[in-house]
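Data first, discussion second: the structure below is written as structure tokens.
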Amino acid sequence: GESVGLHLPTLSVQEGDNSIINCAYSNSASDYFIWYKQESGKGPQFIIDIRSNMDKRQGQRVTVLLNKTVKHLSLQIAATQPGDSAVYFCAENWDTNKLIFGTGTLLAVQP
Amino acid sequence: DAGVIQSPRHEVTEMGQEVTLRCKPISGHNSLFWYRQTMMRGLELLIYFNNNVPIDDSGMPEDRFSAKMPNASFSTLKIQPSEPRDSAVYFCASSFKGDTEAFFGQGTRLTVV
């Protein structure tokens, strides 16, 4: 029979616009939250992390926001470029070392 | 460093056969992870090791799956016997223990027919 796969949420943005990718997490005891980027045919690649006692962290063109009250994490990408097209995963760090990934969001950048 | 190296990149095997996936972590890293990625379930953590010792194998689907890490520079994930539902991309990743940045290999795409 036909298998049903995960329906990845898709965010389509114009080149140069800002992107906001959202994630809900499950474990309120997680120490860290991390964003990974996965390009087609490759393994996930670390982007940025945020410790559970912070609510905002900035990197180069990226900002991660953490709202522990509603267990919500977001990744903001400024001036989105075609090279940003990928699947983005949020991950929770349990027990110092155990990384649990969310389902992912497909970011499609339109030229 | 060449990063995490996995082999083979692609594996096609018949149902019932034994499959062994291999991983060489980044030199100096002391944590190693095996993940499975499918359209149905996304990225699942199967097992992870700290200092060559299995810490959590609760993600291993069933007894047909086993993983070993005989030394700091090599790990294997074995499936015996393999079944079509094991078809997936299997990733190995390594990190320094306590570090949030895990480095992933290119993955092994396994197809069981």
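No value in this document is a laboratory result; all are computed from the given coordinates. As the structure is a prediction and not an experimental result, all values here were calculated from the model. Heads up, the Cβs are rebuilt from the backbone with ideal geometry, glycines too, and the neighbour counts pull from every protein chain shown.
Evaluate E = 1/(1 + (r/R0)^6) for B:Glu101 and A:Asn53, where r is the Cβ-Cβ distance and R0 equals 25 Å; express this FRET efficiency to the nearest 0.05.
0.85
Other chains' Cβ within 10 Å of A:85-93 residues: what's the mean?
1
Rounded to the nearest 0.05, what FRET efficiency do A:Gln110 and B:Arg22 give with R0 = 25 Å and r taken as the Cβ-Cβ distance? Could you check?
Working from the Cβ atoms, E equals 0.05.
Based on the alpha-carbon gyration tensor of the stretch B:74-113 and its eigenvalue square roots a ≥ b ≥ c, which shape applies: rounded if a/c is under 1.5, prolate if not and a/b is larger than b/c, or oblate?
Judged from the Cα gyration tensor, the stretch B:74-113 comes out prolate (a/c at least 1.5, a/b above b/c).
Would you calculate the separation in nanometres between label points at A:Gln14 and B:Val53, each defined as 7 Å from the Cα along the Cα-to-beta-carbon direction?
According to this spin-label approximation, the distance is 5.7 nm.
Using Cα-Cα distances under 8 Å and only pairs 6 or more residues apart, what relative contact order does the stretch A:1-87 have, in percent?
RCO, the stretch A:1-87: 35 percent.
In what sequence do B:Asp56, B:Asp86 fall when counting other Cβ within 10 Å, fewest first?
Listing B:Asp56, B:Asp86 from fewest to most nearby Cβ atoms yields B:Asp56, B:Asp86.
State, to one decimal in nm², a quarter of the convex hull surface area for the C-alpha atoms of the stretch A:29-111, i.e. the direction-averaged projected area.
For the stretch A:29-111, averaging the hull's shadow over all directions gives 5.8 nm².
Enter the mean projected area of the convex hull around the alpha-carbon atoms of the protein assembly as shown, in nm², rounded to one decimal.
Details: hull surface 51.6 nm².
The directionally averaged projection comes out at 12.9 nm².
To two decimal places, what compactness ratio does chain B give when its Cα radius of gyration is scaled by 2.2 N^0.38 Å?
The reported ratio for this selection is 0.99.
Of A:Asp17, A:Asp84, B:Asp63, how do they rank once you tally other Cβ atoms within 10 Å and put the fewest first?
B:Asp63, A:Asp17, A:Asp84
Taking the Cα centre of chain A as origin, work out the dipole magnitude from +1 charges on Lys and Arg Cβ and -1 charges on Asp and Glu Cβ, in debye rounded to 20.
Computed charge dipole of chain A: roughly 280 debye.
How big is the stretch B:1-66 along each principal axis, measuring the range of its Cα positions in Å and listing the largest first?
Projected onto its principal axes, the Cα set of the stretch B:1-66 covers 37, 26, 23 Å.
Based on other C-beta atoms within 10 Å, arrange B:Glu101, A:Glu92, B:Glu18 from fewest to most.
Placing the least packed residue first, the sequence is B:Glu18, B:Glu101, A:Glu92.
Peptide B:41-48: average number of partner chain Cβ atoms within 10 Å per residue?
5
Count the lysine pairs in the protein assembly as shown whose Cα atoms lie under 22 Å apart, taking only pairs 8 or more positions apart in sequence or on different chains.
21
Based on a Kirkwood Rh over C-alpha pairs, give the Stokes-Einstein translational diffusion coefficient of the stretch A:1-77 at 25 °C and viscosity 0.890 mPa s in µm²/s.
173 µm²/s
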